[in-house]
Every structure is written in C-alpha cells, then in structure tokens.
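The values are calculated or read from the model by the stated rules, or taken from the named source; none is laboratory data. Model, not experiment: these values are computed from the prediction. Ideal geometry is used to build each Cβ from the backbone, glycine not excepted, and the neighbour counts take in all protein chains shown. Heads up: the accessible areas ignore ligands, DNA and RNA and are worked out on the full protein's heavy atoms, side chains in. Shrake-Rupley method; radii C 1.70, N 1.55, O 1.52, S 1.80 Å.
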Amino acid sequence: MRRIIASALVLLCAGSSFAQEKEYPKPERMTPGMTEFWTPQPAIVTPGDILTDSAPSDAVVLFDGKNLDAWVSANGGEAKWPVHDGVFTVDKKAGDILTRESFGSFQLHLEWCVPVGITGSSQSRGNSGVYLQDKYEIQILDCYQNETYANGQTGSVYKQVIPLANAMRKPGEWNVYDIIYTAPVFNEDGTYKLAPSVTVIQNGIVLLNNFTIRGTTEYIGHPQVIPHGDGPLRLQAHGDPSAPISFRNIWLRKM
Ligand code: MG
C-alpha cells in the first residue's frame, strides 16, 4: 500500500512540473526587409576617365602632369625633381621628396616607368620606392629580367615579404601601382594595437594581399615599431648609378 502511495506521489510531482513548464515568446517571423539597411548610403564617387587617366572625383591629386606643388624636398624647400612631358623624373642628387600633406589610411594610385636601355643589376637598376606614412617602403625596382633578393623586389614591403608575383612591364612601359594601406593604431606602451597592413596591386596583379607590416623599413637590421600618427608619402631618390625612373598620374583617396 505504501509503495502504491509513493508511486502516485512521484507521478503527481512529475505531472505538476510538466504543467508548470514556462512558455517563452517565439522569435518573430523574419521578413526580407529586416536585414536591408538603407542608410548611410555610400558617397557617390565619379570614377576617373579610363582614356585620360584622370583621378576619381574624391581623390587628393598628388601629380597631374603639371607641377610638384603637392611635394617638398626631404632636405627642405621645394621639390626639385624635373617635370617634363606630363611626368616627373627622379633627381638622385636632390634627394627624396615628400607629400606636403600627411595621411592615415588610404588608397594610392601611382604610375612609374623605367627608362629604355637601363643598365645595372639587382638593387642597382631602377631603384626607388614609395614610403607609406614615411615609414614603410613599398619597393620600386626594375625587376624585368633582373633578379635580386626576393624580399627586396618590386612590390615587397622592403626586406619583410616576398611578393606573390613578378608583374613587371619592360623598360619604357608604364607600371601601375594600386596600394591599399591601413594605418596602425598604437597601445600606450608604443606597441601595435593594430599593426599596419597593405595590399599591393601592380598592373592588375596582386603582389601583396593584406600583408601585416612588421615595422619600419630598415636597410640594416630588423623592423622597428615606432609610434607615429599620420605621415606623408615619400618617394625615394636611391643612390644606385642607373638612369633615373619617372612617375606620373599619382592620386590618393583617404579612407
Ligand atoms: Mg627602394
């Protein structure tokens, strides 16, 4: 008899807990519009004209074939590299040039040409470079049928990474760089909270795909992590004895 009563109690308890199970609201039924956002709308940017190589409508034009007003000499004063025929050519004796304006993250378009008949080998043939925020060099070098150390060839972050391809056009033809750069963020102790990173496309071919830059470009020794804010672009007047290269059509979009 006791056993029957105990069993009945167990059943009653189980039944009451089932009866008291709480009911929660079900997720609302989704409609297509719930995942469609209309604001903010991306800014309208008019692309450059492919026939005239003009810049997009929101770009900072750094060279449009006329003058070097957007640049200064790294040694102080005006940028003195010669402008001619809609291009400008490195003057190695005059030293590097810097943009007047400083930048954070950006998209950069830049075209460069190695002169026909250039001589020299390895790093001594058409060497220049574009320094992002005046700290990190994307190598510019005549790597057309010219081998050098792989992490120093065109499209490398100099001495930090081997590019994914050699996309060189031959001397006399224009090479096109499109560089997408994300500026670093620093911790209070001067280390990277967010390291800088870069994508480099040459002549439509990806050389670096969102590469994480390890630190400053150093000729001797390892990259350094040095806190900095916005910085200019620097174009390198490398001291190699070969004929100097030329640039044209340089513009930048801030991001
Ligand atoms: Mg260089």
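What the table shows:
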{"item": "Residues within the stretch 124-146 that are more than 17 Å from residue 214 (Cβ to Cβ), within 12 Å of the ligand (Cβ to nearest atom) and out of contact with any Asp or Glu (no Cβ under 6 Å at 6 or more places or on another chain), tallied", "result": "6"}
{"item": "Pick from the stretch 147-156, criterion within 11 Å of the ligand (Cβ to nearest atom) and under 20 Å from the mean Cα position of the chain (by Cα), ranking: surrounded by the fewest Cβ atoms within 10 Å (Cβ to Cβ)", "result": "152"}
{"item": "Residue match in the stretch 234-247 (condition: assigned by TED's automatic domain parsing to the domain that holds residue 141, more than 16 Å from the ligand (Cβ to nearest atom) and in contact (Cβ under 8 Å) with a residue 12 or more places away in the chain)", "result": "no"}
{"item": "Yes/no for residue 169 being part of a loop (DSSP other than H, G, I, E, B), surrounded by 19 or more Cβ atoms within 10 Å (Cβ to Cβ) and of a type in the set (Lys, Arg)", "result": "no"}
{"item": "Conditions (1) away from the ligand (no atom under 16 Å from the Cβ); (2) touching a strand residue (DSSP E or B) at 6+ places or on another chain (Cβ under 8 Å): number failed by residue 177", "result": "(1)"}
{"item": "Candidate set from the stretch 19-65 (those that are touching a Pro at 6+ places or on another chain (Cβ under 7 Å) and within 30 Å of residue 89 (Cα to Cα)); member that is surrounded by the most Cβ atoms within 10 Å (Cβ to Cβ)", "result": "48"}
{"item": "Filter result for residue 216 (open to solvent by 50 Å² or more (accessible area, probe 1.4 Å), assigned by TED's automatic domain parsing to the domain that holds residue 72 and either touching a His at 6+ places or on another chain (Cβ under 9 Å) or not aromatic (Phe, Trp, Tyr) (or both))", "result": "no"}
{"item": "Listing of strands (runs of 3 or more DSSP E) fully contained in the stretch 176-255 that carry 1 or more residues being farther than 18 Å from residue 158 by Cβ and of a type in the set (A, V, I, L, M, F, W, C)", "result": "192-194, 205-212, 246-254"}
{"item": "Test result for residue 75, assigned to a loop (DSSP other than H, G, I, E, B), closer than 30 Å to residue 186 by Cβ and at pLDDT 95 or above", "result": "yes"}
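Residues checked against (1) open to solvent by less than 30 Å² (accessible area, probe 1.4 Å); (2) in contact (Cβ under 8 Å) with a residue 40 or more places away in the chain:
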residue	(1), (2)
76	no, no
83	no, no
91	no, yes
104	yes, yes
110	yes, yes
114	yes, yes
117	no, yes
